[in-house]
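Visitor: After the structure tokens below, expect a handful of questions from me.
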Amino acid sequence: MNFLACEGEWVAGPGGEPICAGQLLNLTSEEMQSLSGTALSWDQVGELKGEAMMLFALVFGFLVLKKVL
């Protein structure tokens, strides 16, 4: 996925459309990630989602058992 960035400021044109007052840049997702610091990879996101779902299931199961007993 590519992203558009502006080296200057984004300003509103007469019709309300965004206009870059500087130079437009085309950035890849890897370049965006390097600009914003280290982030999670998609593999790490999937692993974290799986662990969160497991935690939710365990807490839900515990609450159901607590209510039954």
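Visitor: Can you give the net charge of the other residues whose Cβ lies under 13 Å from the Cβ of Met1, counting K and R as +1 and D and E as -1?
Guide: Values: positive: none; negative: Glu30, Glu31.
Summing Lys and Arg as +1 and Asp and Glu as -1 gives -2.
Visitor: Could you derive backbone 3J(HN,Hα) for the range 23-35 from the dihedral phi with the Karplus parameters 6.51, -1.76 and 1.60 (θ = phi - 60°), listing whole Hz in sequence and x where the residue is Gly or Pro?
Guide: Couplings: 9, 6, 10, 10, 10, 7, 5, 5, 5, 5, 5, 5, 6 Hz.
Visitor: May I pose another question? Any idea what % of Cα-Cα pairs in the chain are farther than 21 Å? Display every interim value, and only then the final one.
Guide: Values: 1369 of 2346 pairs.
Counting every Cα pair in the chain, those more than 21 Å apart make up 58 percent.
Visitor: Right, another one. Give me the one-decimal nm value for the distance between modelled label points at Lys66 and Met1, 7 Å along each residue's Cα-to-Cβ direction.
Guide: That separation, rounded to one decimal, is 3.8 nm.
Visitor: For the chain, the longest stretch holding no GluC sites (Glu not before Pro) located in a DSSP loop with at most 15 other Cβ atoms within 10 Å is which? Each step should come with its number before you reach the end.
Guide: Details: sites that count: Glu7, Glu9.
So the longest stretch without any such site is 10-69.
Visitor: Got a sec to turn the phi values of the range 54-69 into Karplus ³J(HN,Hα) couplings, 6.51 cos²θ - 1.76 cosθ + 1.60 with θ = phi - 60°, whole Hz, x for Gly and Pro?
Guide: Per residue, the Karplus-derived 3J(HN,Hα) values read 5, 4, 4, 5, 5, 5, 4, x, 4, 5, 5, 5, 5, 6, 5, 8 Hz.
Visitor: Just add up the charged neighbours of Cys20: K/R +1, D/E -1, any other residue whose Cβ is under 13 Å from the Cβ of Cys20.
Guide: Within the 13 Å Cβ shell, the charges total -3.
Visitor: Report the relative contact order of the chain, percent, no decimals, based on alpha-carbon pairs under 8 angstrom and at least 6 residues apart. List each step's numbers first, then the result.
Guide: On the way: 48 pairs, mean separation 16.8, N = 69.
For the chain, the relative contact order is 24 percent.
Visitor: For every other residue with a beta carbon closer than 13 angstrom to the beta carbon of Leu40, add +1 if it is Lys or Arg and -1 if Asp or Glu, then tell me the sum.
Guide: Numbers: positive: Lys49; negative: Asp43, Glu47, Glu51.
Once positives and negatives cancel, what remains is -2.
The numbers here are math on the coordinates, done by the rules we state, and not lab data. Values in this document were obtained by computation on a predicted structure and should not be read as measured data. Note that each Cβ is placed from the backbone with ideal geometry, even for glycine, and that neighbours are counted across all protein chains shown.
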